[in-house]
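The block underneath contains the structure these notes are about, expressed in structure tokens.
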Amino acid sequence: MNKTKRKIFETSLKLFSEKGYDATSIEEITATVGVAKGTLYYHFNSKEEIFNFLIEEGMKLLINSIEIKTSKCDNVLDKIKAVSLIQLKAVHKYENLLTIVMSQTWGNESINVFCKEKVLEYISVIQNIVQEGVDNGDIVNCNAEVLASEIFSLTCSTLIYKRKAKLEEIDVSKMYLEYEKTLFNKIIKK
């Protein structure tokens, strides 16, 4: 990605997160980036294309992180722990992306549908890990789709907690220990 496209990407991410998709205009993006509309349209055909690119690339990044990290794990519980840790780190590092994802998942407009599809793709990666654990007896027998959604919801709830507590940053290791106490101990098959 060249410098101009990256700047459009980063600026749009920040503006969509702070103001919302609808309240952010192409004019505001170009003014903040410091480029002409023609330059923006050289890289993206529309505001919706910018949005879709942000969501596509962001969710791809999270999925790739999961696939890389879990490929090094010996068992399913370690994979689930790795996913949870990735999500906690994402709240810290990619808060703007997650804010956009959470805010735009609901509704029936094309951007909402697209965002929902990407979230469901992400959850299906987690679901496959959970199902592997159910199938081989490593974790309790459960609905893998529900548990995968719950694991994804840890990201959402952590972001909400961070905002409610008015924290600049979350203590990833402290939050991870909380997850260990609540989630991990309940899914281990005994």
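Screening GLY137, GLY133 for residues that are over 30 Å from LYS14 (Cβ atoms), in a helix (DSSP H, G or I) and small (Gly, Ala, Ser) leaves exactly one candidate, GLY133. As a summary of the residue check, LYS72 satisfies the conditions (1) surrounded by fewer than 18 Cβ atoms within 10 Å (Cβ to Cβ); (2) outside the structural domain of VAL130 (by TED's automatic domain parsing); (3) at pLDDT 95 or above except for the one numbered (2).
Among the residues making up region 101-130, those that are under 12 Å from the mean Cα position of the chain (by Cα), assigned to a helix (DSSP H, G or I) and under 17 Å from SER157 (Cβ atoms) are VAL101, MET102, SER103, VAL119, TYR122, ILE123.
Applying a threshold of 7 Å to beta carbon distances and a minimum spacing of six or more residues, or different chains, the list of pairs starting in region 16-41 at a residue that is outside the structural domain of CYS115 (by TED's automatic domain parsing) and ending at one that is outside any helix (DSSP H, G or I) reads PHE16/THR24; THR30/ALA36. Inside region 89-128, residues that are without any contact (Cβ under 8 Å) to a residue 60 or more places away in the chain and under 21 Å from GLU67 (Cα atoms) make up a count of 10. With respect to THR70, is the statement that it is out of contact with any Gly (no Cβ under 7 Å at 6 or more places or on another chain) and more than 30 Å from LYS19 (Cα to Cα) true? Yes, satisfied. Considering only residues in region 49-62 that are surrounded by 17 or more Cβ atoms within 10 Å (Cβ to Cβ) and within 16 Å of GLN87 (Cα to Cα), the one that is farthest from the chain's Cα centre (by Cα) turns out to be ILE55. Restricting region 15-31 to residues that are assigned to a helix (DSSP H, G or I) and buried (at least 16 other Cβ atoms within 10 Å of the Cβ), the residue that is farthest from the chain's Cα centre (by Cα) is THR30.
The number of residues in region 63-86 that are outside any helix (DSSP H, G or I) and free of Cβ contacts under 8 Å to residues at least 40 places away in the same chain comes to 4. Among the candidates TYR179, TYR161, the residue that is of a type in the set (Phe, Trp, Tyr), under 18 Å from ASN96 (Cβ atoms) and in a helix (DSSP H, G or I) is uniquely TYR161. Per the conditions (1) free of Cβ contacts under 8 Å to residues at least 60 places away in the same chain; (2) assigned to a helix (DSSP H, G or I); (3) not polar (S, T, N, Q), the sole criterion not satisfied by MET1 is (2).
The values are calculated or read from the model by the stated rules, or taken from the named source; none is laboratory data. Just so we're clear, the structure is a prediction, and the values are computed from it rather than from any experiment. Reconstructed Cβ throughout: ideal geometry from the backbone, glycine too, with neighbour counts over all protein chains shown.
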